[in-house]
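Working notes for the structure below.
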Amino acid sequence: MDPADILRFADVVHRDRGIEKEIVFSAIEQGLLTAARKKHGEDAVIEVRLDRRSGDIECLVNGANRRVEFGRIAAQTARQVMNQRIREAERDKHLDEYNRRLDSIVTGSIQRIESGNLIVNMGRVEGIVPRSEQIRGETFKVGDRIRAFLFEVRPMGQRVRIVLSRSRPDFVAKLFELEVPEIADGVIVVRRIEREAGYKTKLAVESLDTKVDPIGACVGVRGSRIRNIIDELNGEKVDILKFEEQPELMIATALKPAQINSITLNWDDNVADVLVDEDQLSLAIGRRGANVRLASRLADWEINIGGDPTSAAAQAASSAAPDGAAEGEAAPEGAAPSEPPPEGAPAGSADATADATEEAEAPAAAEAPASEAPAGAPTDTPDPEETPANG
């Protein structure tokens with residue numbers, strides 16, 4: 001082998017693959033050692049040295065200096081061993097690099113789609129977004145740019161398997177960290193986050209600085225920060241809530257935008273019974289129960305939601321029911337049957353007919369003469385004792 005070619009090869013591998021030259025030189029030495037043992041036998045004591053500056057190769061067999069000359073098979077073996085060592089070194093380098101980037105957001109482009117899985121070109125390596133880690137309803141095509149959460153890196157043969165996700169809650173948390181400087185600086189802390197990808201995300205935030213509003217900082221001026229996050233999630237709803245230490249307050253906050261009437265906590269079973277108005281029931285439960293599930297996980301309590309029978313809405317509905325007897329109901333025993341209203345009169349209840357009858361009888365009683373007073377009424381005849389005696 002030409003020493004200049006060896007140095008040039010090591011420089012190309014270092015520049016294109018990012019592998020240290022020392023690793024390349026060691027791989028060449030290992031390949032030449034394997035080829036020499038094929039030629040001189042396994043029992044021979046063989047030592048191969050490669051000068052890092054000049055590229056000269058020195059081969060010692062049983063202490064004697066031998067010229068490096070191999071046949072076709074030995075040379076092919078040396079090439080295979082050298083390439084294998086270089087690929088393993090490249091894999092270890094990528095493994096170390098992406099292990100340091102775990103739990104972060106990476107960017108790439110869709111290279112191909114295999115059985116619903118997205119293969120992402122990330123430069124020198126490929127990542128994969130499994131179908132189970134994609135947001136329901138979103139579609140990509142080859143060449144699209146994509147951002148995803150890196151959550152798994154492991155060696156697979158001579159390659160590195162990098163698994164990405166867009167459906168995990170950590171993806172939304174990292175998006176907030178990128179968009180909200182207060183979260184990146186540690187002034188605002190995301191205490192809890194729960195998500196149903198494609199529908200809604202709920203996160204509870206807390207400010208370590210009393211002068212900083214955690215919700216306002218996450219929303220941004222005119223919603224600029226939250227709008228960027230929602231666009232990245234393809235319109236997924238995001239509820240930003242204030243973190244509360246007390247379970248009652250946390251449960252009421254987690255069930256927003258529904259209005260809560262009362263909360264009863266069962267500490268033994270970790271169950272919360274929540275009562276809401278009837279018109280707030282569907283809002284509290286959410287579509288297919290998603291809102292109450294997210295709230296239950298966010299508050300770390302099992303939540304049972306029911307309608308409040310003592311609420312103002314329920315009482316108003318009950319008072320709207322008619323008080324009178326239903327049409328066709330039998331009159332009480334001994335009561336006079338009511339006469340039908342005259343023709344042309346508006347239809348009304350039995351009470352309205354009785355009121356009209358009383359009003360008609362009142363003038364007749366007023367016009368009756370005094371002589372027709374009812375029996376037993378006092379008269380105007382003077383008492384004999386009060387009559388004065390005659391003169």
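FYI, it's all coordinate maths here, none of it is from the lab. Just so it is clear, the structure is predicted and the values come from calculations on it, not from any experiment. All Cβ positions, even for glycine, are placed from backbone atoms using ideal geometry, and neighbour counts span all protein chains on display.
Using 0.36 nm per residue and subtracting the Cα-Cα separation, the extra length available between ASP56 and ASN304 on full extension is 81.4 nm. Each 5 Å bin from zero holds the following percent of Cα-Cα pairs in segment 202-293: 3, 12, 18, 20, 19, 14, 10, 4, 1. Return the lysines within reach of LYS174: Cα separation strictly under 26 angstrom, same-chain partners fewer than 8 residues apart disregarded; answer none if there are no such residues. The qualifying lysines are LYS93, LYS141, LYS200, LYS202, LYS211, LYS237, LYS242, LYS256. Database remark: amide H of ALA148 closer than 5 angstrom to the amide H of VAL106 (H placed geometrically; neighbours at sequence offset of 5 or more, or on other chains; Pro and chain starts carry no H). What does the charge count near ILE183 come to, summing +1 for each Lys or Arg and -1 for each Asp or Glu among other residues with Cβ under 15 Å from its Cβ? Taking every Cβ under 15 Å from that of ILE183, the sum is -4.
A crude spin-label estimate for the pair ASN270 and GLU88, with each label 7 Å from Cα along the Cβ direction, gives 4.7 nm. Each listed q (0.11, 0.13 Å⁻¹) maps to a log10 I(q)/I(0) for segment 8-129, found by the Debye formula over equal Cα scatterers with no solvent: -0.53, -0.66. Stretching ASP279 away from ARG8 to a fully extended chain increases their span by 89.8 nm, per 0.36 nm per residue minus the current alpha-carbon distance. On the basis of the beta-carbon distance and an R0 of 22 Å, THR139 and SER115 show a calculated FRET efficiency of 0.90. Ellipsoid fit via the Cα gyration tensor, segment 96-212: semi-axes of 29, 17, 12 Å, each the root of five times an eigenvalue, largest first. In terms of overall dimensions, the C-alpha atoms belonging to segment 168-243 reach 33, 24, 17 Å along their principal axes, ordered largest to smallest. If every alpha-carbon in segment 102-164 counts as one equal scatterer, what log10 I(q)/I(0) does Debye give at q = 0.14, 0.27, 0.29 1/Å? Debye curve over Cα of segment 102-164, log10 I(q)/I(0) at q = 0.14, 0.27, 0.29 Å⁻¹: -0.35, -1.32, -1.47. Contact order, relative form, for segment 172-232: 29 percent (alpha carbon pairs under 8 Å, 6 or more residues apart, mean separation divided by residue count). Modelled spin labels at GLU22 and ASP185, positioned 7 Å past Cα toward Cβ, are 4.2 nm from each other.
Shown in residue order for segment 220-226 are the 3J(HN,Hα) couplings computed by the Karplus curve 6.51 cos²θ - 1.76 cosθ + 1.60 at θ = phi - 60°: x, 5, 6, x, 5, 6, 5 Hz (x for Gly and Pro).
Ranking of LEU281, LEU208, LEU175 by neighbouring Cβ atoms within 10 Å, starting from the fewest: LEU208, LEU281, LEU175. Overall shape of segment 257-317 was characterised from the C-alpha gyration tensor. The equivalent ellipsoid obtained from it has semi-axes of 21, 15, 7 Å, in decreasing order. With neighbours defined as other Cβ atoms within 10 Å of a residue's Cβ, the residues SER26, SER132 order from fewest to most as SER132, SER26. Sorting ARG53, ARG159, ARG131, ARG37 by the number of Cβ atoms found within 10 Å of their own Cβ, with the fewest placed first, yields ARG53, ARG131, ARG159, ARG37.
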